[in-house]
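What follows is one structure encoded as structure tokens, with my remarks underneath.
The values are calculated or read from the model by the stated rules, or taken from the named source; none is laboratory data. Owing to the predicted nature of the structure, the values given are computational and were not obtained by experimental measurement. Here the Cβ positions follow ideal geometry from the backbone for every residue, glycine too, while neighbour counts run over all protein chains shown. To get the accessible areas, we keep the full protein, side chains included, count just its heavy atoms, and leave off ligands, DNA and RNA. Shrake-Rupley method; radii C 1.70, N 1.55, O 1.52, S 1.80 Å.
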Amino acid sequence: MSTQPGPMLRPTPTTVAPVALQEQPQRVGRIVAVTGAHAVILIDPETKQLSGEREKSPEIGTLLKVDTAKSVSLAMVSALSSPMPSHSPDERELRIVEVEFMGELPKDQRGIPAGFRRGISCYPSLGDTVYRANKTELGMAYAADTETAIRVGHITQDSSIPAMIKIDEMLGKHFAVLGTTGTGKSCTVALILRRILEKNPQAHILLLDVHREYAQSFKELAEVISPDNMNLPFWLLNFDEAVEILIGQQPNRETDVEVLRELIPMAKQRYMNNARRDRGQQRVGGMIENIPVGVDTPVPYRVSDLTGVLDEYIGKLELRGELAPYKRLKARLETISRDPRYAFMFGSLTVQDTMAQVLARLFRVPVNGKPIAILELGGLPGEIINVVVSVLARLAFDFAVWGGGRIPITFVCEEAHRYVPIDRTLGFEPTKRAISRIAKEGRKYGVSLCMVTQRPAELDPTILSQCNTIFSMRLTNERDQDILRAGISDAAASLMTFMPTMGTGEAVTFGEGVALPTRIKFDMLPADSLPRSNTASFTKNWAMDLPDDSFLHEVVGRWRAQSHNPDGLGYAVEAAPAPAPQSMPPQPQPIYTAAPAPQPQPSLRRTIPQGNSGFGQSPQPAPVQQPPAASGTTSNQQSLASLIRQFRN
């Protein structure tokens, strides 16, 4: 199906023509009980249609209507029952429908229903006739302003009624995409984000891609940041993050932590002093002179500054017992600086104040035609991924705070249960705090959170409760289903009964971002825009054999060099001596030419060639060092520098 939502959008409530109101209504039954939010309907005896088939009773989730003096009340079927079932098909039996009132269509002076609104102002009475809602009424109930809403699919009750999402309501109060593996979560996330970008080409989205599957979905719209071209300077770490990398969870680490707490500000001050001594460099980037420097102040310093301070202390101490923490820290610094896996953080030979460039690339300021940054976490050391996520979440929130919410940001967290687990013994506490802060306070500063997970029961319930729009795909685990049922209305809870049996690409959605709780079928993305998340074909790959063991040698070479492994995901090998093929076959290929370990880029510039993405770009020469800054972005860089000065003060 086409990804362009324009031709398929339904008219807004103010433009719906009343012609369809003349459709022949389908009677369901009559009301026999009414409470504040619920009603019980006695279904009419079965009648046969002109074709001879019996009329089908409503299903759970079907929208029904009751005509009153001032409005048309809409109610959703939440339960079906037959109190006295009959064994004979010809014998009549009582059939009961339980519904929950969802809202109403107020009538104008001519008695014609107008736009939908939540709540009931005029309740039906006993004996009132109940009908199925027709297309016009469904269109009114599920309609949204086409200027600020996007189509993502259609409702299952009527495929001609589009499923619309209100962008501001969904992003302003966070949203979550839930579903078991293989239900289409990645395709759903890609679809929603693509439709948002079609409507808002100047958006600012940061997507954490754990499995390197989203680059193909956005092609030229995305700034793909992989371990090969990533540069996240270590001096951007706060103290807790630095402790996790340099000290870890070793026993009796309190002494090492206190030593590091004392030395980091000294290393930062040493770098600032050296920078001031350079002629013509009285002010370093966004740094202001004589500002107090604390352990968490985001100012640059070199590894050599820290090791130099360590050496000075080691030379001064005389007691052997006091030397151990300093020696351990120095050894760890030297080890991690030589590790190619940490080159994106510790590999730069020179240190400059590139904080503005880091923020510019991560949060797309300016957008420059790429409104989404995809950060591929696959290939990073497992022990540092939580730290990287903590840095990114913290930077996103602090950037929004010190930027006054001028640039709203959407932070998309794939595999969210990894970073904010409910188990306090798992995960990294600073990562939990950073994401939790966005969930609780991000709305005030324009930071939106999208949580994507296959195990809601393993996700911190505090985080999930802050997501006011939920797209729940198939969930077979009862604990996962119970987590959702705990905080939703009865009508939406009744829709949860579909979750174990829903097909791929179907979801129950409810919350602020949609007009009503409903079951929807998502649109299909074009084949060339689908995320690379397909399940591996064992039978196809096991039908062939490799001619020799050269593939194993190449795997071992990449393994030892810790270079980025293309692993058949459609990524071209970057900057190889021999020219890479211009196009790659769609199916994974077992053999690639091993490439040397990539060197880290000196700065996180937006002009870094995306040769490693291999999507939607013409062949480019080998990457070269770019000039400091383009003249067209001077004002943006000045704004970022001003923001950083405020943050550091």
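Kindly provide the set of residues from the stretch 205-234 that are of a type in the set (D, E, K, R) and within 17 Å of the chain's Cα centre (by Cα), ordered by number.
Within the stretch 205-234, 209, 212, 213, 223 meet the criteria.
Just one of the numbered conditions (1) within 21 Å of residue 386 (Cα to Cα); (2) out of contact with any Phe, Trp or Tyr (no Cβ under 6 Å at 6 or more places or on another chain) is not true of residue 206; which one?
Result: residue 206 fails condition (2) only.
If I ask for residues that are under 20 Å from residue 399 (Cβ atoms) and over 15 Å from the mean Cα position of the chain (by Cα), which ones from the stretch 447-473 would you list?
none
Within the stretch 237-250, how many residues are part of a loop (DSSP other than H, G, I, E, B) and either basic (Lys, Arg) or open to solvent by less than 60 Å² (accessible area, probe 1.4 Å) (or both)?
Total satisfying the criteria: 4.
Anything in the stretch 105-136 that is farther than 25 Å from residue 45 by Cα, open to solvent by less than 40 Å² (accessible area, probe 1.4 Å), touching a helix residue (DSSP H, G or I) at 6+ places or on another chain (Cβ under 8 Å) and of a type outside the set (A, V, I, L, M)? List them, or say none.
113, 115, 136 - these are the residues of the stretch 105-136 that are farther than 25 Å from residue 45 by Cα, open to solvent by less than 40 Å² (accessible area, probe 1.4 Å), touching a helix residue (DSSP H, G or I) at 6+ places or on another chain (Cβ under 8 Å) and of a type outside the set (A, V, I, L, M).
Would you mind stating whether residue 390 is polar (S, T, N, Q) and assigned to a helix (DSSP H, G or I)?
Criteria met by residue 390.
What residue, of 455, 443, 474, is of a type in the set (Lys, Arg) and under 30 Å from residue 402 (Cβ atoms)?
After ruling out the rest, the residue left standing is 443.
Specify the residue that is nearest to residue 146 (Cα to Cα); the eligible residues are those in the stretch 164-186 that are open to solvent by 10 Å² or more (accessible area, probe 1.4 Å) and part of a loop (DSSP other than H, G, I, E, B).
Checking each candidate, the answer is 173.
Working only within the stretch 487-536, note down all residues that are open to solvent by 60 Å² or more (accessible area, probe 1.4 Å), modelled with pLDDT under 85 and either among the hydrophobic types (A, V, I, L, M, F, W, C) or out of contact with any Lys or Arg (no Cβ under 8 Å at 6 or more places or on another chain) (or both).
Matches in the stretch 487-536: 487, 490, 497, 534, 535, 536.
Of the residues 259, 210, which single one is within 26 Å of residue 373 (Cα to Cα) and of a type in the set (Val, Ile, Thr)?
210
Where residues in the stretch 128-146 are of a type in the set (D, E, K, R) and not in a strand (DSSP E or B), which of them is nearest to residue 195 (Cα to Cα)?
145
Looking at (1) of a type in the set (S, T, N, Q); (2) within 28 Å of residue 275 (Cβ to Cβ); (3) assigned to a loop (DSSP other than H, G, I, E, B), which is the only condition residue 337 fails?
Of (1) of a type in the set (S, T, N, Q); (2) within 28 Å of residue 275 (Cβ to Cβ); (3) assigned to a loop (DSSP other than H, G, I, E, B), only one is false for residue 337: (3).
Which one of these is of a type outside the set (Phe, Trp, Tyr), open to solvent by 30 Å² or more (accessible area, probe 1.4 Å) and either under 21 Å from residue 419 (Cα atoms) or in contact (Cβ under 8 Å) with a residue 60 or more places away in the chain (or both): 253, 194, 212?
Residue meeting the stated conditions: 194.
Of the residues 228, 256, which single one is farther than 25 Å from residue 522 by Cα and in contact with a His (Cβ under 6 Å, 6 or more places away or on another chain)?
Result of the check over 228, 256: 228.
When the residues of the stretch 399-456 are filtered to those that are of a type in the set (Ser, Thr, Tyr) and over 22 Å from residue 471 (Cα atoms), which remaining residue is surrounded by the fewest Cβ atoms within 10 Å (Cβ to Cβ)?
Filtering first and then ranking leaves 425.
Checking residue 75 against (1) among the small types (Gly, Ala, Ser); (2) at pLDDT 90 or above; (3) farther than 20 Å from residue 137 by Cβ, which test does it fail?
Every listed condition holds for residue 75 apart from (3).
For residue 207, state whether it is assigned to a strand (DSSP E or B), in contact (Cβ under 8 Å) with a residue 12 or more places away in the chain and open to solvent by less than 20 Å² (accessible area, probe 1.4 Å).
yes
Among the residues of the stretch 251-282 satisfying the criterion of being at pLDDT below 80 and under 38 Å from the mean Cα position of the chain (by Cα), which is farthest from residue 325 (Cα to Cα)?
Filtering the stretch 251-282 for residues that are at pLDDT below 80 and under 38 Å from the mean Cα position of the chain (by Cα), the one farthest from residue 325 (Cα to Cα) comes out as 251.
Here is a yes/no grid of residues against (1) at pLDDT below 90; (2) touching a strand residue (DSSP E or B) at 6+ places or on another chain (Cβ under 8 Å); (3) under 14 Å from residue 518 (Cα atoms):
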residue: 115; (1), (2), (3): yes, yes, no
residue: 128; (1), (2), (3): no, yes, no
residue: 153; (1), (2), (3): no, yes, yes
residue: 158; (1), (2), (3): yes, no, yes
residue: 172; (1), (2), (3): no, yes, no
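Suppose we filter the stretch 140-150 for residues that are surrounded by fewer than 22 Cβ atoms within 10 Å (Cβ to Cβ) and of a type outside the set (Val, Ile, Thr); how many remain?
Residues in the stretch 140-150 being surrounded by fewer than 22 Cβ atoms within 10 Å (Cβ to Cβ) and of a type outside the set (Val, Ile, Thr): 2 in total.
Test each condition in (1) under 26 Å from residue 493 (Cα atoms); (2) free of Cβ contacts under 8 Å to residues at least 40 places away in the same chain for residue 93 and report the one that comes out false.
Tallying (1) under 26 Å from residue 493 (Cα atoms); (2) free of Cβ contacts under 8 Å to residues at least 40 places away in the same chain, residue 93 fails exactly one: (1).
For residues that are part of a loop (DSSP other than H, G, I, E, B) and among the hydrophobic types (A, V, I, L, M, F, W, C), scanning just the stretch 537-550, find the one that is most open to solvent (accessible area, probe 1.4 Å).
Among those that are part of a loop (DSSP other than H, G, I, E, B) and among the hydrophobic types (A, V, I, L, M, F, W, C), it is 542.
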